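Below: one structure, written as structure tokens.
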Amino acid sequence: MTEESTQDGGERSAGSESASDQRSDGVVRRDRFSGGPARSFLSSLAADERIFVADLEVDRAHTVMLAEQDIVDDDVAGEILTALDAIEVDGHGSLPDGEDVHEAIETAVIDRIGADGGKMHTARSRNDEVAACIRYRLREDVLEAIETTLALRESLVAVAEEQTETIMPGYTHLQPAQPTTVAHWALAYEGAVRRDTERLLAAYDRINESPLGGAAFAGTTFDIDRERTAELLGFDGVVENSMDAASSRDFLLETTQALSTHATTLSGLAEDVIVFANRGFVDLADDYSSTSSIMPQKKNPDTLELVRAVAGDAAGGVQGLTTTLKGLPRAYNRDLQRATTHAWETVDAVTEASEVAAGAVATADWNEETLAAEAGEGFSTATGVADLLAANGLPFRTAHELVAIAAENSAERSSAENASGDEPRATGADYDALEAAAQDVLGESLEAVVDRAAVEDALDPVQSVASRNSQGGPAPEAVETQLESAREALATDADALEELSGPLESAREALRSEVNGYV
């Protein structure tokens, strides 16, 4: 993925090369630059295997356009296109040595058909060529990443549909906070992953623009048709400014940032499920677990621990790519050869993690009895009781103080009972504790403020959840509204993915048809 280097420092079309330039060890570098100990350091040929097919497609589109513009004769175009087909069959591993895949393919074409093979490179540089190849391949990777986010959302929606009334403890600061439902928890992550999908879809729009025809950075004297090559490669349009086209990599950074954000969402999801598994709230399927090499009784959430770790890899990718791009002058600089690896590694790691997370969520078994038993832990219904008292005329801060005292007294009593060996009471505050606190704070019975039955309902986790029916809340009817929204958004994004994938396949078929007209 290197810049074209020429004797005068400017753009050169391969059609003007002399026979002495067209050696089997490369067609781009002159004798002065043909070897030396740094040659392997400069080479990206091995890493370029990822864009091998993309490069062949870019070569085909460019060659077809050159023929259509009468820049290259049809018969020469046919020979070049036939050679490219043969090179694809032979595979990346059969390429001759070169600084990069672009040079190696060009060398292979010339080896097959002679000097006319160099005409394939007319009116372009490796600068715009590699930028086109990166965008071409990255489109496919991003579409795959989007597909895994949809699969994860499907898994979360399915959990929510099945567990709408499954009560569970909710936490802030990892401390029991308020009772909620598994469905409410699942939809919280669905909403986050939905935004991750939207970010990737937006990034795709900016990836899907063709830089081909920008040449080294200052355009070309040949009468090329940039819109035509964009069409043949399935791009929505072109990056208009030729310098911007050849040198910009902000699309890589945006994509890597979007992937890093998704990895952060996945990391939080993984952490939650790991904690839930530790507490017996959920059982992971064996396919997403492992056992200890020495302790046979253990079932470890190893896959989710690795999902959690991918956020670090993705953040490192963003940092590495940002640092590589920071301060680079326009137009092309060799630093860019090191930039793309950060994006490739990030998209691979995050896509795989997303796929694994979807499978783990879809196959997990929620332990409803354990969840229900723990839902009232730590007086998690306290906020509901305080709300009830406030609704019946007490200032909220007074209600807050009353319930806090009840919770504190209840916790002290529970600790004393545990120390004495007595049968401990259920975790949380009961009506008696609230009554005692009311006498301390109000100087009167709690029943002077609110009916006892209403308080006991507020203390019950199931009733507490049912009462939280505000928009976005955990009550079953509120969750059903959220589910409808999630299903609609999922269908919309699935359609968007199909609308993006379809034109790419159509473009491949159309390009193949054009190529067949010459070979």
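Residue-by-condition table, conditions (1) out of contact with any Ser or Thr (no Cβ under 8 Å at 6 or more places or on another chain); (2) crowded, with 18+ Cβ neighbours inside 10 Å:
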{"position": "Gln471", "(1), (2)": "no, no"}
{"position": "Ala486", "(1), (2)": "yes, yes"}
{"position": "Ala491", "(1), (2)": "yes, no"}
{"position": "Ala494", "(1), (2)": "yes, no"}
{"position": "Leu497", "(1), (2)": "yes, yes"}
{"position": "Gly502", "(1), (2)": "yes, no"}
{"position": "Ala510", "(1), (2)": "yes, no"}
Legend entry - Members of segment 214-224 that are surrounded by 15 or more Cβ atoms within 10 Å (Cβ to Cβ) and either in a helix (DSSP H, G or I) or among the small types (Gly, Ala, Ser) (or both): Gly214, Ala215, Ala216, Gly219
Legend entry - Any pair with Cβ under 6 angstrom, 6 or more apart, that starts in segment 187-213 at a residue that is of a type in the set (Lys, Arg) and ends at one that is modelled with pLDDT of 95 or more: Arg194/Ala489; Arg199/Ala258; Arg206/Phe251
Legend entry - helices (runs of 4 or more DSSP H) wholly inside segment 411-519 that include at least 2 residues being outside the structural domain of Arg397 (by TED's automatic domain parsing) and at pLDDT 95 or above: 476-516
Legend entry - Residue, nearest to Asp141 (Cα to Cα), within segment 225-244, restricted to residues that are out of contact with any strand residue (DSSP E or B) (no Cβ under 7 Å at 6 or more places or on another chain) and surrounded by 22 or more Cβ atoms within 10 Å (Cβ to Cβ): Gly234
Inset, instruction - Test Ser290 against the criterion of being in the same structural domain as Ala186 (by TED's automatic domain parsing), surrounded by fewer than 23 Cβ atoms within 10 Å (Cβ to Cβ), in contact with a strand residue (DSSP E or B) (Cβ under 9 Å, 6 or more places away or on another chain) and not basic (Lys, Arg), and give yes or no. - result: yes
Inset, instruction - Quick one: which residue in Ala362, Ala358, Ala399, Ala343 is in the same structural domain as Gly268 (by TED's automatic domain parsing), in a helix (DSSP H, G or I) and either without any contact (Cβ under 8 Å) to a residue 60 or more places away in the chain or over 18 Å from Leu143 (Cα atoms) (or both)? - result: Ala362
Legend entry - Residues of segment 56-69 that turn out to be charged (D, E, K, R), crowded, with 24+ Cβ neighbours inside 10 Å and in contact with a Lys or Arg (Cβ under 9 Å, 6 or more places away or on another chain), as a count: 2
Legend entry - Condition broken by Val109, with the remaining ones in (1) crowded, with 24+ Cβ neighbours inside 10 Å; (2) within 35 Å of the chain's Cα centre (by Cα); (3) part of a helix (DSSP H, G or I) satisfied: (2)
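The values are calculated or read from the model by the stated rules, or taken from the named source; none is laboratory data. All figures in this text were calculated on a predicted structure; none of them were measured in a lab. We place every Cβ from the backbone using ideal geometry, glycine too, and count neighbours over all the protein chains shown.
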